[in-house]
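Enquirer: I have a structure here, written as structure tokens, and I will follow up with some questions on it.
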Amino acid sequence: MDSRNPEEIPAETCEELIARRLRLGSLVLAATVALSAVLDLAIRPGGFLPVAWIYGADFALVFLVQLASRHPQTRAHIIPVAVLAVILWNALFCSYAALSPREIPVPIAPSIVIVTAAALLFPWGLRLQSIVAGACVLTCAGTLVLAGRYADLDALHALASLLGAAVVSCVGAYLVDRRAHLVDRQTAGLRERNRLMREAAVRKDEFLASVSHELRTPVNVVLGYVDLLLDHSFGPLEPAQRDVLHRIARNAANLSNLINDLIDLSRIDAGRLKVEIGAVELQPLFADLSGVMEVLLSGHDVKFTSKIVPRCARVSADPERLKQIVSNLLVNAVKFTERGSITLSAEPRPDGSVALVVADTGIGIPSTAQRAIFEPFRRVHDPSLRVPGAGIGLSISSRLAHLMGGSLTVESEPGLGSRFTLVIPAVPEPPRAPGAAPDALRKVS
Ligand code: ADP
């Protein structure tokens, strides 16, 4: 699939389109002319020779058109070339009609086909179509007059049909022109709207980024003072005062996390967030996260386990960002699981990467919402559940996973639980010493 912005994809120009159709059309015409030459050879009462030059000229014209439509220099002037080719072809067919023996009704059908096909094939608008159609009618009338067939009823009838076809083709070209103008106007309007929306999105991102930066400093100051108070820097505290300060610290920390998430999101959107990839040992990371889970799950009816298959003990990632993603998945699992279990595991994948899986037995996510949860500010559960969060953790996690060369996906069944899989490139293990213990599941906690 072409991932470029549709406005950047070069569309086929009018000249290219005409050159392509001219090439194809002239081949079709050559085949028709060849067929009619065979018929003429077989049945023409006056013999084939008087009209042989017309066939010769026809094929020569096909050859020239093929050359002109391929040659870069003539292609630049393809519209006059096409106009000229159509008029010349028509002149050849008119000569043929004028030279036909009197017992053959005037064969003007090819001229009608040429005039109509030109209008259908070449999007050159009303002006050029009028020139082509007018020239075809005049050439036809002229050749019939020169051949002395002006009083011939068949000739007049044929000429009237050609005139009709010419008028219809011009009306068609006019209608197509009008529609094209309408589409052009609508496209220009849509482009302008698109530009304004993009500008608004950039302004919104800048606003979000600057507000987040402004908020971060005072929140950090609050956290700093609370720490000083809790450290007794301003004198001893009553238990009730400590309790209040702990609450302030917890809420300020939540606010600080949210602000950091917003800053991350705006940096990722602006392409300014850099990740520093290195080899990350999974065991210390899992041990660290298990400690956090112990605190988060205390008093909950939920069991936490984690396991690492030794063959995938190291991954290639940014250590801080990897921890941020897995922590976010675990915190979500805690928020949305009332009872049962939460597991964190690392498994090797056949393509050499590692899958870090966070699975829970919580409320699950409806299949219709499983894409939406990776978009910023999307929360899919009923607000009455009163689960805290702003709906940006997963969108940041999924973008960070991509920045680290991996991916984040979800499988979930409402009522049964969810399974988030973070795929990350592995760091190849050094070859095992002879006699070393075989791979086994190592328990981290
Ligand atoms: P937050 O958790 O802050 O709302 P996230 O981006 O991390 O934001 O998650 C978006 C939404 O995805 C959540 O609001 C929730 O509806 C859904 N979700 C995420 N993880 C889980 C999970 N483990 N179980 C059920 N729903 C989940």
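The values are calculated or read from the model by the stated rules, or taken from the named source; none is laboratory data. Everything numeric in this text was worked out from a predicted model, so none of it was measured. Cβ sites come from the backbone with ideal geometry, for glycine too, and all protein chains shown count toward neighbours.
Enquirer: Any idea which residue in the stretch 345-381 is nearest to the chain's Cα centre (by Cα), counting only those that are at pLDDT below 95, more than 23 Å from Gly406 (Cα to Cα) and more than 9 Å from the ligand (Cβ to nearest atom)?
Expert: Thr368
Enquirer: Is it the case, given these coordinates, that Leu121 is out of contact with any Ser or Thr (no Cβ under 8 Å at 6 or more places or on another chain) and within 22 Å of Arg20 (Cα to Cα)?
Expert: Values: out of contact with any Ser or Thr (no Cβ under 8 Å at 6 or more places or on another chain): yes; within 22 Å of Arg20 (Cα to Cα): yes.
Against the criterion (out of contact with any Ser or Thr (no Cβ under 8 Å at 6 or more places or on another chain) and within 22 Å of Arg20 (Cα to Cα)), Leu121 qualifies.
Enquirer: Ok, one more. Could you please find all residues in the stretch 320-339 being more than 12 Å from the ligand (Cβ to nearest atom) and surrounded by fewer than 17 Cβ atoms within 10 Å (Cβ to Cβ)?
Expert: Within the stretch 320-339, Glu320, Lys323, Arg339 qualify.
Enquirer: If Val51 satisfies all but one of (1) touching a Phe, Trp or Tyr at 6+ places or on another chain (Cβ under 7 Å); (2) without any contact (Cβ under 8 Å) to a residue 12 or more places away in the chain, what's the number of the condition it fails?
Expert: (2)
Enquirer: Quick one: count up the residues across the stretch 54-72 that are more than 15 Å from Ser95 (Cβ to Cβ) and β-branched (Val, Ile, Thr).
Expert: 2
Enquirer: If the requirement is being in contact with a Gly (Cβ under 7 Å, 6 or more places away or on another chain) and surrounded by fewer than 18 Cβ atoms within 10 Å (Cβ to Cβ), which of these qualifies: Pro101, Pro80?
Expert: Of Pro101, Pro80, the one residue that is in contact with a Gly (Cβ under 7 Å, 6 or more places away or on another chain) and surrounded by fewer than 18 Cβ atoms within 10 Å (Cβ to Cβ) is Pro101.
Enquirer: Going by the conditions given, is Ile342 near the ligand (Cβ under 8 Å from one of its atoms), of a type in the set (Val, Ile, Thr) and surrounded by 13 or more Cβ atoms within 10 Å (Cβ to Cβ)?
Expert: Spelling it out, it is not the case that Ile342 is near the ligand (Cβ under 8 Å from one of its atoms), of a type in the set (Val, Ile, Thr) and surrounded by 13 or more Cβ atoms within 10 Å (Cβ to Cβ).
Enquirer: Mind checking which pairs have a first residue in the stretch 409-434 that is modelled with pLDDT under 95 and a second that is charged (D, E, K, R) and away from the ligand (no atom under 16 Å from the Cβ), Cβ under 6 Å, 6 or more apart or different chains?
Expert: Val427/Arg314
Enquirer: Considering only the stretch 63-83, how many residues are polar (S, T, N, Q) and under 14 Å from Arg21 (Cα atoms)? I'd like the intermediate steps shown before the answer.
Expert: First pass over the stretch 63-83, keeping only residues polar (S, T, N, Q): 66, 69, 73-74.
Now drop any that are not under 14 Å from Arg21 (Cα atoms), which leaves 66, 69.
The number of residues fulfilling the criteria is 2.
Enquirer: Then there's this: Hey, could you check the stretch 128-150 for residues that are within 46 Å of the chain's Cα centre (by Cα) and among the polar types (S, T, N, Q) and say which is nearest to Ala85 (Cα to Cα)?
Expert: Ranking the qualifying residues of the stretch 128-150, first place goes to Gln129.
Enquirer: Then there's this: Output the number of residues of the stretch 383-413 satisfying the condition of being more than 9 Å from the ligand (Cβ to nearest atom) and part of a loop (DSSP other than H, G, I, E, B).
Expert: 4
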